[in-house]
Amino acid sequence: PVMALLLRQKPWFTKRATFLVIFSLLLGICVFSLEFPTRRSKTLVNLAPSLGLADHRAFLTRTCAHLVREMVLDDGFSRLTLEEIGHALHAAITEFKEVDRAIRLGDSLGIKEGADSHGHEHNHVMYDPGCPWRPDPSNCSIPNHEGVANQGLHVLTLSFVSMLETVLARYGPNRETYDSHYLDHHEPEPNILFDVLHLHLDREAQLHQDYEVKFIEDMFDGDLYLGYSLIVHDFFDEADEVLVKFHQETRLLYGVYVVMLISFYFLLFKRIVHLARVETLKAKGFVLRAPVHILSTAEAETVSAFFAKKKKTIGFSADDTRKKHSMSFIV
C-alpha cells in the first residue's frame, strides 16, 4: 500500500510510461522521416532514363531526316557511300522505334514504368487531338498530309516511321546488306568517290517533288521535333516538381523532429532536473539537521563533501575534532 501510494504521488514526467511514449515517438519520427520520402525514389529513378531517352528521341528525328537527305542526294558530300548511309538510316529507324516504345510503355532501356501510365501532359501531347507544340495550336495543317498533325504526336510518329521505311526501300541499297559494320573503323579505300563530288540536280528536285521525302525533311525542325522537345520540357518540369516536394517533406519532417526534441527538453528533462535539485536540497537539509557528534570524523567529512557546492571542505584536525565534537561545514 505504501509503495502504491508513493507511485501515485510521483509526478507524471518521472513515470516510466511517459519516457516510453516519448522515446517511441522520437524513434517513430526518425524512422518515418527516412522511409516516407523514399516513396518518390522510384519516380526519380524512372525519370532519369526517361529524360535521357526523350532527348535522344528528338536527336534521332533529326538524324533520320539528315540521313534521308544524304541518301536521296547521294553526292558524296556526306563522306559516306550509299550503302553506309542505308545501313546508318536502318539502324537509326530501329533505334528510334525502340526508344519511342520504351518511353511510352516502359520495361526496356532502363525505364521501368512508361509515361503512358502516369504522364498526363505526355499523354495529352501524344494522343489527344491538336498540336500544342506549335506557336499557333489552332492551325495544325501540314501540306499534302492534312489531318496528320491534328491527331496527336503519336499518329505523327507512326506516319514518320512509315515514310522513313518507304523512302529507305525506294532510295536505299539492298535490304539484305544492312548491318552495323559502317560504324567500325576502317581505312579509306583508294577511290575517287570523295575526291570528285557530283551535284545531282535531278536528285535535288526529288527533295521537293517526293512528298514523303519532303515530309521527313520538314520534321527536322518541324512538328515532330517540336513535339518531342515539348515532352522533354514536361519531363523536366515533372522532375523539378518531384524534387521540390521531396525537399519540402524532408524539411517538414526535420522541423517536427526538432519541435519534439525541444518539447522533450522543456516538458521532461528540465522539470526532472529541477525536481532533482529540489530533492537534493531537501536531503541536504535533513542531513545537516542530524547530530554530527555521533559520527566519526571520516563520516562527517563524507557527508559534508557530498552536499558541497564546491569541492572544498574545511574541517579540523583530529585533535581539534576531539575537542570540538568533529564540527565541519560547507563553504
Which residues qualify? For ILE142, with a placed amide H closer than 5 Å and at least 5 residues away or on another chain, they are GLY147, VAL148, ALA149
Roughly how many whole Å is it from the C-alpha centroid of the stretch 122-164 to that of the stretch 26-88? 21 Å
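Which whole number in µm²/s is D for the stretch 101-148 by Stokes-Einstein, with the Kirkwood Rh taken over Cα pairs at 37 °C and 0.692 mPa s?
266 µm²/s
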Over all viewing directions the Cα convex hull of the stretch 58-156 casts an average projected area in nm² of 7.9 nm²
Quick one: the Cα spread of the stretch 208-279 along its three principal axes, in angstroms, biggest first? 102, 9, 8
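Read the figures in this text as sums done on the coordinates, not as results from a lab. Because the structure is predicted, anything quoted here is derived from the model rather than measured.
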